[in-house]
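Worksheet for the structure shown next.
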Amino acid sequence: MITFHMERITEEHRKEIEDFFKAYWGDDRMVYSHGEYICSELEGFIAHDRESIVGAVTYYDHNRTGTREIISLDSLIERKGVGGQLMELVENDALSNDFQELCLVTTNDNVHALSFYQKRGYRLVEIKHNAVDQCRKKKPAIPLTGTNGIEIRDEWLMKKTIVKK
Ligand SMILES: CC(C)(COP(=O)(O)OP(=O)(O)OC[C@H]1O[C@@H](n2cnc3c(N)ncnc32)[C@H](O)[C@@H]1OP(=O)(O)O)[C@@H](O)C(=O)NCCC(=O)NCCS
């Protein structure tokens, strides 16, 4: 049985989390059409098994608009609850800090993420056509096609309103 525990990212985790992103994505720089982020420097939560990080979510707080943006979400042991639990942690923490909205960007090839996020209450609010072409100019390593063979071109912006119960 796979067991893992969740914890908030602290300064002690910075090197391990940087290695996690480099191993998984090649580097820890996330480039969107609206901005760039170094994931290993962001706030977030990790899932840990006995040996290493098996999942991570990072976010950036837009305090002016009261929106928390999910910058990255990755799970190495899929369909065991890691991704869902990381999202729950971020959302509960956002509520505790008086954020009213969560937002995130995914890309048009990621139909799995589209389903995953919709099941968790996120709605597609904007499609930025060819936005990834712009991002690729800043980060040429962004692949041309996704694992499913779909050309990666557009950004999908998704949002969820959260309320205290
Ligand atoms: C999207 C992603 C984070 C999901 O992570 P995950 O760990 O598989 O997420 P979960 O296990 O919580 O949920 C996935 C599915 O497994 C199901 N599941 C959870 N625990 C399960 C279990 N023990 N047995 C069977 N199914 C289970 C969930 O119900 C969920 O299905 P649903 O979406 O239809 O409700 C992961 O697929 C991933 O890292 N993808 C690559 C990176 C990526 O695309 N990130 C998003 C970019 S914006």
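The values are calculated or read from the model by the stated rules, or taken from the named source; none is laboratory data. None of the values given here were measured: they were computed from a predicted structure. Positions of Cβ are generated from backbone atoms using ideal geometry, with glycine treated the same way; all protein chains shown enter the neighbour counts. Surface accessibility is based on the protein's heavy atoms, side chains included, excluding ligands, DNA and RNA. Shrake-Rupley method; radii C 1.70, N 1.55, O 1.52, S 1.80 Å.
List the number of the failed condition for E69; all other conditions in (1) open to solvent by 10 Å² or more (accessible area, probe 1.4 Å); (2) closer than 15 Å to C103 by Cα; (3) among the charged types (D, E, K, R) hold.
E69 satisfies all of (1) open to solvent by 10 Å² or more (accessible area, probe 1.4 Å); (2) closer than 15 Å to C103 by Cα; (3) among the charged types (D, E, K, R) except (1).
Can C103 be described as on the phi < 0 side of the Ramachandran plot, without any contact (Cβ under 8 Å) to a residue 60 or more places away in the chain, open to solvent by less than 70 Å² (accessible area, probe 1.4 Å) and of a type outside the set (S, T, N, Q)?
yes
In the list R50, R29, R14, which residue meets the criterion of being basic (K, R) and open to solvent by 80 Å² or more (accessible area, probe 1.4 Å)?
Criteria check complete, one pass: R50.
Quick one: in the stretch 106-127, which of the residues that are open to solvent by 60 Å² or more (accessible area, probe 1.4 Å) and within 14 Å of the ligand (Cβ to nearest atom) is nearest to M158 (Cα to Cα)?
Ranking the qualifying residues of the stretch 106-127, first place goes to L124.
Restricting to the stretch 35-63, count the residues that are assigned to a loop (DSSP other than H, G, I, E, B), touching a residue at least 40 places away in the same chain (Cβ under 8 Å) and not basic (K, R).
Of the residues in that region, 1 qualify.
I want to confirm something. Restricting to the stretch 86-119 and keeping residues that are hydroxyl-bearing (S, T, Y) and under 13 Å from the mean Cα position of the chain (by Cα), which single residue is nearest to I162 (Cα to Cα)?
Among residues in the stretch 86-119 that are hydroxyl-bearing (S, T, Y) and under 13 Å from the mean Cα position of the chain (by Cα), the one nearest to I162 (Cα to Cα) is Y117.
Mind checking which residues of the stretch 145-158 are part of a strand (DSSP E or B) and surrounded by 18 or more Cβ atoms within 10 Å (Cβ to Cβ)?
Selection gives E155, W156, L157, M158.
So is E41 touching a Lys or Arg at 6+ places or on another chain (Cβ under 9 Å), modelled with pLDDT of 95 or more and over 24 Å from H112 (Cβ atoms) or not?
Yes.
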